[in-house]
Structure formats: C-alpha cells, structure tokens
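The values are calculated or read from the model by the stated rules, or taken from the named source; none is laboratory data. Just so it is clear, the model here is predicted, and its values are computed rather than measured. So basically every Cβ, Gly included, is an ideal-geometry build from the backbone, and we count neighbours across all protein chains shown. We work out accessible area using only protein heavy atoms, side chains counted, and drop any ligands, DNA or RNA first. Shrake-Rupley method; radii C 1.70, N 1.55, O 1.52, S 1.80 Å.
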Amino acid sequence: MLYVVGSTPPNSTCTLSVHAAGRKDVPQQLVSGNFREAFMVGPSRKGHVATVQCDGAVLAERRFKYGKDVRFGGELSIDSPYSP
C-alpha cells in the first residue's frame, strides 16, 4: 500500500489513477482539492504510473518503482501547478 498526495485546481472534475506501466484498462477515482489517497499495488518490473487528469486533460503524471522510489505505506507526491 502507498499514499498518493497532491492537489487539483478549484471547480474542476479530476481523477487519479495508479497502475502498472503499460496497462490499458486503468481504474480511476475522483479527487478534488488537496488529496491523500491510498492504493494497493503489486510488483511490476516496468514500474508504475500515477496520473491526475482534470476535465479530460493530464494535469500531472509520475512514473515510479514501488519499493525503490516509494516504500510500503509511504507517500508519493504527484506534482502539479496546484501542489502546495
């Protein structure tokens, strides 16, 4: 498990997804304002991708290796122009 933290612009419809790199069917969850969302991820040799989309456009994206860039229970900051 890891936590993804970030911010979204006001008055926007935004989603957050965390998935193995290269995966096509990506589940998304709604986020707004300052957020801290928990995700369960499994091992992936290609790594993982965290993406924030607002109103259909990618606002921020970050590639990471679980266990290397972020540890179990750790926080992954996804930077956007609205990050605190």
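For region 12-80, with all protein chains in place and a probe radius of 1.4 Å, 47% of the accessible heavy-atom surface sits on carbon or sulfur. Computed about the Cα centre, the dipole magnitude for the chain is approximately 460 debye when only Lys and Arg (+1) and Asp and Glu (-1) carry charge, each at its Cβ. With coordinates expressed along the principal axes, the C-alpha atoms belonging to the chain extend over 36, 26, 17 Å, beginning with the largest.
I need the chymotrypsin sites (Phe, Trp or Tyr not before Pro) found in region 28-84, filtered to DSSP loop residues with at most 10 other beta carbons within 10 Å of theirs. Passing sites in region 28-84 are PHE72. Taking every protein chain into account, the accessible area of the chain amounts to 62 square angstrom per residue (probe 1.4 Å). Label zone (GLN28, point 7 Å along Cα-to-C-beta; backbone nitrogen cut-off 15 Å) within region 1-17: 8-9, 12-17.
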